[in-house]
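The values are calculated or read from the model by the stated rules, or taken from the named source; none is laboratory data. This one's a predicted model, so the numbers in the text were calculated from it and none came from an experiment. For neighbour counting, all protein chains shown are included, and Cβ atoms are generated from backbone atoms with ideal geometry for every residue, glycine included. When the accessible area is computed, the model is the full protein with side chains, heavy atoms only, and any ligands, DNA or RNA have been set aside. Shrake-Rupley method; radii C 1.70, N 1.55, O 1.52, S 1.80 Å.
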Amino acid sequence: MGCALKQREGHLHHMFNPYAYPFHEGLYRTYGKVARVYGFLGDIQLVVSDPMACNNIFVKDQPIFEVTEPFLRSNMQTTGPSLFATTGSHHRMQRKLLNPAFSTKHMRYITPIFHGVTKQLRENLWSIVSNGPEEINVADWMGKLALELIGQAGLGYSFGIFEGRDDEYCRALKEWIPAQSSLAVFQNLLPYVDNIFHPKVLKFMGRTLPWPKLHHFMDLVETVNSKSRGIYEAKKRLLESGDDATVKQVGDGKDLISLLIRASLVGPEDVQLSEEELVAQMAVLIIAGTDTTSSALSRILHLLSLHPDAQDKLRKELQEAHEDNEELTHDQLVSLPFLEAVCRETLRLYAPVPGVMRTTRSDVVLPLSAPIRDVDGREVHEIFVPKNTNVFAQIYNLNRDPSIWGADAAEWKPERWLAPLPQSVADANIQGVYANIMTFIGGPRACVGFKFSQLEMKAVLSQVIPAFRFAPTGAEIVWRYGIISSPSVKGSVGTFHPKLPMIVSRV
Ligand code: HEM
C-alpha cells in the first residue's frame, strides 16, 4: 500500500474538523478516489471514494471492514448491546428481529404519527409569523421536530417539546453527541482498558478521575438509560394488561418499540431481543435518528430557499395532492415524483453523514473500479490493505463522482431524477440500500431507519411547504463537517448549536 500511494497524502487533523469540507474536496480533486492520510501517531488511514472499493467495504467484505473498536466499546459501555455495539452473528440476529418494525407495512401504520407531530410544529410556526414574515432559526425547529418524531413514532414517548415541557430525557439526549465528541481521547483509550476492568470498576475509576467533562457525560448516560428503562417497563406493563390498554399511550402503541415488545410477548424466548437489548436499541434509535433527520430536513429547506422555482414547483405538487384531505397517506407520499426527486437529490449531493470509518480485521485486497497510478507511474487495479488499517469511506465524494453522475454532478438538480439516469449510474453498480447512492450505505450495517427517515421527511415537507414560504436572510450559511453535517452562520462555525436563519412567511 505504502508504495502505490506514496504521493496521495494528507493529514488527519484536516479530516475531522468543522471546516473539513474544502479539505475533502481538495483531497479528491488532487489525488482522486484513494488517498492516504497520516493519523495522530503517524499511522496511515486510507480515504476511499471508489465505488467498487466501497461496495467491498460495506457489502462483500463487511466483516473485514468492521466498525472501529473504540466505537463498539464505547457504545457497549454507555447504552449497552444495541446495533451500535454488536458485530457478526449477534448483530445479524438483532437486525433480523428489528426488520418488521421498519417494514413498509409498519411505515404505513406510523404515517399518522408523523403528521400529528408536524402539525404541532406548524401551529407553532404559524403563530410566530402571524403578523408577517419573521426571521427563524430553522435548524433549531428541525432539531426539536426530529426528536419529537422519533420519540413518538420510535418509542411511543412524547418529550413534550411543542408544549414547552422541560424534559430531563430530552435534555440529556440533546447534549449526548456534543458531550461524547468532547471525549474522543477517552473513547480511543477504552479498547485498552475495558477488557481488564469490570464495568463497575471502570465506572468508579471514571468518577474518581478529575475530569468534569467525563463526569457530565456519565450523568447523561445514567439519565438516558434509566429513562429508557422506565419507558420500557411502563410499556411492557400496559401491553401485558391487554391490547386495549395500548390506546392509552402516545401514538396508540404503534411505535417501533411497542411492536418489538409485543413480538417478544408472543414469540419463543430464544429468538427474541432480550430486555437489555431492547432498552439499548431505544437510546440508539434516538441518537441515530435525530440529528441525521434534522440535518437532512434543514438542508432541504435551505436549498429550497435558494431555489424558489423548485420550492414553488414542490408546493404546487403538494397542494394538488392534498385536494381535500389534510394528511397525505403513506402511499401518496411515496408516489409524488417531485417530492421524491427533491429528497433524492439533496441526499445525493449533501449526505448528512459525509463518511464512515472502518478498521480492517485482517489483511485484505481492495479492488478499484478504475486504475490509479503509483509513484512509478504503474497502473494499480487493486490495493493491499494490511490488518488494523483505518479506512474512511468518503460517501460525500462518492455520491458526487462526475464519472458516475456526469459533468453536472456537483449541481443540485432534482430534475435529474425525473428523466432516465445516465448509463454510467447503472454501470457503477453502487450497492447502497437507497437510490444508487451511499448516503445510507449498504450491506449488513446499512441504515436500518432509511425508509423511516424518507417517510418522516416527506410527511414534514407535505405539511410545511404548502403552509410557509422559506427565503434566505442574506447571512452566509456554512455547513460544518462532522459525523453529522450541520449548518452554522459564518463567524459562528466553532459553536456547536446549529444555526440556519431564514425568513419564513405564510403562503
Ligand atoms: C437522513 C437521515 C439518515 C441518514 C443520512 C442516516 C445514515 C446512516 C448511516 C450512514 C449509517 C451507517 C453508520 C455506520 O455504520 O458507520 C446509519 C446507521 C444506522 N441508522 Fe441511520 N441515517 C438516517 C436516519 C436514521 C433514522 C431516522 C433512524 C432510526 C429510526 C436511523 C437508525 C440507524 C441505526 C440504528 C443505524 C445502525 C445500523 C447498524 O449498525 O446495523 N437512521 N445511518
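Determine whether Ala85 is surrounded by 20 or more Cβ atoms within 10 Å (Cβ to Cβ), within 13 Å of the ligand (Cβ to nearest atom) and outside the structural domain of Arg229 (by TED's automatic domain parsing).
yes
Given the conditions (1) small (Gly, Ala, Ser); (2) without any contact (Cβ under 8 Å) to a residue 60 or more places away in the chain; (3) open to solvent by 60 Å² or more (accessible area, probe 1.4 Å), and given that Ala410 satisfies all but one, which numbered condition is not satisfied?
For Ala410, the failing item is (2).
Return the only residue of Ser492, Ser424, Ser462 being in contact (Cβ under 8 Å) with a residue 60 or more places away in the chain and among the polar types (S, T, N, Q).
Ser462
In region 41-90, what residues are assigned to a helix (DSSP H, G or I), touching a helix residue (DSSP H, G or I) at 6+ places or on another chain (Cβ under 7 Å) and at pLDDT 95 or above?
Result: Pro51, Cys54, Phe58, Val59.
Enumerate the pairs (first residue in region 428-449 and without any contact (Cβ under 8 Å) to a residue 40 or more places away in the chain and farther than 14 Å from Asp50 by Cα; second residue anywhere and among the aliphatic types (A, V, I, L, M) and within 6 Å of the ligand (Cβ to nearest atom)) with beta-carbon separation below 8 Å, excluding pairs fewer than 6 apart on the same chain, so at least 6 apart or on different chains.
Note: pairs meeting the criteria are Val433/Ile441.
Restricting to region 46-61, what's the tally of residues that are near the ligand (Cβ under 10 Å from one of its atoms) and among the polar types (S, T, N, Q)?
0
Give all pairs with beta carbons closer than 7 Å in which a residue from region 271-286 that is within 19 Å of Leu173 (Cβ to Cβ) meets a residue that is more than 11 Å from the ligand (Cβ to nearest atom) and small (Gly, Ala, Ser); count only pairs at least 6 apart in sequence or on separate chains.
Val279/Gly80; Val279/Ser228; Ala280/Gly80; Met282/Ser228; Ala283/Ser228
(1) in contact with a strand residue (DSSP E or B) (Cβ under 7 Å, 6 or more places away or on another chain); (2) over 29 Å from Phe58 (Cα atoms); (3) among the hydrophobic types (A, V, I, L, M, F, W, C); (4) surrounded by 18 or more Cβ atoms within 10 Å (Cβ to Cβ): which one isn't true of Leu336, the others all being true?
(1)
Quick one: Ser258 ticks every box in (1) of a type in the set (S, T, N, Q); (2) in a helix (DSSP H, G or I); (3) modelled with pLDDT under 90; (4) open to solvent by 40 Å² or more (accessible area, probe 1.4 Å) except a single one, so which number is it?
Single failed check for Ser258: (4).
Of all the helices (runs of 4 or more DSSP H) wholly in region 265-353, which have at least 3 residues that are of a type outside the set (A, V, I, L, M, F, W, C) and within 16 Å of the ligand (Cβ to nearest atom)?
275-289, 291-306, 337-349
Has region 316-327 got any residue that is open to solvent by less than 10 Å² (accessible area, probe 1.4 Å) and modelled with pLDDT of 95 or more?
Scanning region 316-327 turns up at least one residue that is open to solvent by less than 10 Å² (accessible area, probe 1.4 Å) and modelled with pLDDT of 95 or more.
List the residue pairs whose Cβ atoms are under 8 Å apart, where the first residue sits in region 344-356 and is more than 19 Å from Phe392 (Cβ to Cβ), the second is among the β-branched types (Val, Ile, Thr), and the two are 6 or more positions apart or on different chains.
Close Cβ pairs (under 8 Å, with a partner that is among the β-branched types (Val, Ile, Thr)) amount to Arg344/Ile437; Thr346/Ile300; Leu347/Ile437; Leu347/Thr439; Arg348/Ile437; Arg348/Thr439.
Identify, please: which residue in region 339-351 is open to solvent by less than 10 Å² (accessible area, probe 1.4 Å) and of a type outside the set (D, E, K, R) and is, among those, farthest from Tyr481 (Cα to Cα)?
Restricting to residues being open to solvent by less than 10 Å² (accessible area, probe 1.4 Å) and of a type outside the set (D, E, K, R), the top hit is Leu339.
Inspect all residues belonging to region 288-298 and state whether any of them is more than 18 Å from Leu145 (Cβ to Cβ) and open to solvent by 20 Å² or more (accessible area, probe 1.4 Å).
No, region 288-298 contains no residue that is more than 18 Å from Leu145 (Cβ to Cβ) and open to solvent by 20 Å² or more (accessible area, probe 1.4 Å).
Please work out which one of (1) open to solvent by less than 20 Å² (accessible area, probe 1.4 Å); (2) in contact with a Phe, Trp or Tyr (Cβ under 6 Å, 6 or more places away or on another chain) is the condition Val365 fails and give its number.
That leaves (1) as the condition not met.
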